[in-house]
Amino acid sequence: MKAILLALLTAVVWGSAPVIFKIGLKGQVSPLAGIFFHNLTATLFALLGLLWVRESLNYPLKDILVISFGGFISGFLGLILYYKAIKVGDVSVVAPIASISPLWSSLLAIMFLGESLTLAKALGTVLVVAGVVLITLSSK
């Protein structure tokens, strides 16, 4: 239950972020500069959090490299594409299209983590994609 509540709160926070990004990107800020300030702020707050809880940073190098690669993929590559899409497109179209990321997460988790594909997961994924298609078609 705790994981579901945290995931729902995440959805609310992440759901508000595209609107904030669009407001910031309407001016002269480029998507690349936007990512810089986005990640700088996230880094500063993460550092403050680590200092607050006095957490050590002594972790296996392999784990750090894997997480760093994920950071490059999502925190840079994904964000630059997302910010460019938000800058030139409508948030109400771009955000739902980008939100089909669970489709890719599910497929990759099945392929690389050995997670099972249940009927409920497959149906849920199809419904999410169908919703995105409907939203995209309604904008034309």
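The values are calculated or read from the model by the stated rules, or taken from the named source; none is laboratory data. As the structure is a computational prediction, the values presented were derived from the model and not from experiment. Cβ: placed from backbone, ideal geometry, glycine included. Neighbour counts: every protein chain shown.
Taking each residue of segment 36-58 that is surrounded by 10 or more Cβ atoms within 10 Å (Cβ to Cβ) and looking for partners that are part of a helix (DSSP H, G or I) with beta-carbon atoms closer than 6 Å, six or more apart or interchain, yields N39/G75.
Given the criterion among the aromatic types (F, W, Y) and under 14 Å from the mean Cα position of the chain (by Cα), identify the matching residue among F69, F37, F21. The unique qualifying residue is F21.
Listed here are the residues, each with its yes/no results for (1) of a type outside the set (G, A, S); (2) on the phi > 0 side of the Ramachandran plot.
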position: A42; (1), (2): no, no
position: R54; (1), (2): yes, yes
position: S68; (1), (2): no, no
position: Y83; (1), (2): yes, no
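Do we find that F112 is surrounded by fewer than 11 Cβ atoms within 10 Å (Cβ to Cβ) and among the aromatic types (F, W, Y) in this structure? Considered against the rule, which asks whether it is surrounded by fewer than 11 Cβ atoms within 10 Å (Cβ to Cβ) and among the aromatic types (F, W, Y), F112 comes out as yes. Taken together, V94, V88 contain a single residue that is at pLDDT 80 or above and exposed (fewer than 13 other Cβ atoms within 10 Å of the Cβ), which is V88. Residues of segment 57-67 that are of a type in the set (V, I, T) and either outside any helix (DSSP H, G or I) or under 15 Å from A42 (Cβ atoms) (or both): I67 alone.
Listed here are the residues, each with its yes/no results for (1) in contact with a helix residue (DSSP H, G or I) (Cβ under 6 Å, 6 or more places away or on another chain); (2) farther than 30 Å from S138 by Cβ.
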residue: I20; (1), (2): no, no
residue: L25; (1), (2): yes, no
residue: P31; (1), (2): yes, no
residue: A42; (1), (2): no, yes
residue: L48; (1), (2): no, yes
residue: P60; (1), (2): no, yes
residue: I67; (1), (2): no, yes
residue: G71; (1), (2): no, yes
residue: F76; (1), (2): no, yes
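In segment 68-122, counting only helices (runs of 4 or more DSSP H) that sit wholly within it, the ones holding 3 or more residues that are hydroxyl-bearing (S, T, Y) span 101-112.
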